[in-house]
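Below: one structure, written as structure tokens.
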Amino acid sequence: MYPRRREFPLSAPGRGEDKFSGPPMTRRHILLVAAGMGFASFIPKAAATEAAMAEAIRAVIGESEAQRGRLKLELPPIVENGNTVPLTVSVDSPMTEADHVESIHIFNQKNPQPYVAAFKLGRRAGNARVATRIRLADSQRVVAIARMSDGSFWSDSVDVIVTLAACTEQ
């Protein structure tokens with residue numbers, strides 16, 4: 001009347017048993033898995049700090065000082081979702097042979113990697129402006145630095161409040 005119930009043996013495959021059955025699951029295996037999951041919560045989350053961001057900036061600009069002025073960083077002050085945050089950087093430059101932007105660098109304070117992006121420009125770019133979207137792990141400060149053809153550096157920063165974080169490793 002009723003279909004016959006199929007039994008799955010709890011032994012290692014290759015001994016004539018069903019090919020879909022695996023090794024027997026013992027209390028020892030269950031306890032090891034549970035302990036591993038418990039220890040995973042003690043692993044610190046990867047996050048950059050103010051010091052890590054400052055170190056990343058020093059790696060780009062060296063001993064030079066970044067001046068405030070010619071560069072404008074545009075980000076919304078409050079971001080609902082940190083997974084896709086629009087960002088625009090523009091530099092006041094004529095983009096001539098004598099005065100042009102060589103590169104634009106983006107840094108942030110609390111993402112796992114503080115050095116977010118680098119854009120290389122040349123005098124033929126026409127307009128010293130880049131736009132992209134980035135991910136932000138939490139409310140933080142975002143810094144943009146432009147390197148000019150004369151070797152000077154210009155910067156701007158914006159504090160952003162993120163309501164739904166991204167870039168978290170769990």
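Points worth noting:
- Environment charge at Glu97 (Cβ cut-off 13 Å; Lys +1, Arg +1, Asp -1, Glu -1): -1
- Nonlocal amide H pairs with Asp156, under 5 Å, H built at 1.01 Å: Ala144
- Surface composition of segment 79-131: carbon and sulfur atoms hold 45% of the protein heavy-atom accessible area at a 1.4 Å probe.
- Per residue, the accessible area of segment 49-92 comes to 58 Å² when a 1.4 Å probe rolls over the protein heavy atoms.
The values are calculated or read from the model by the stated rules, or taken from the named source; none is laboratory data. Please read these numbers as outputs of a predicted model, since none were measured by experiment. Please note: Cβ atoms are built from the backbone with ideal geometry, for glycine as well, and neighbour counts cover all protein chains shown. When the accessible area is computed, the model is the full protein with side chains, heavy atoms only, and any ligands, DNA or RNA have been set aside. Shrake-Rupley method; radii C 1.70, N 1.55, O 1.52, S 1.80 Å.
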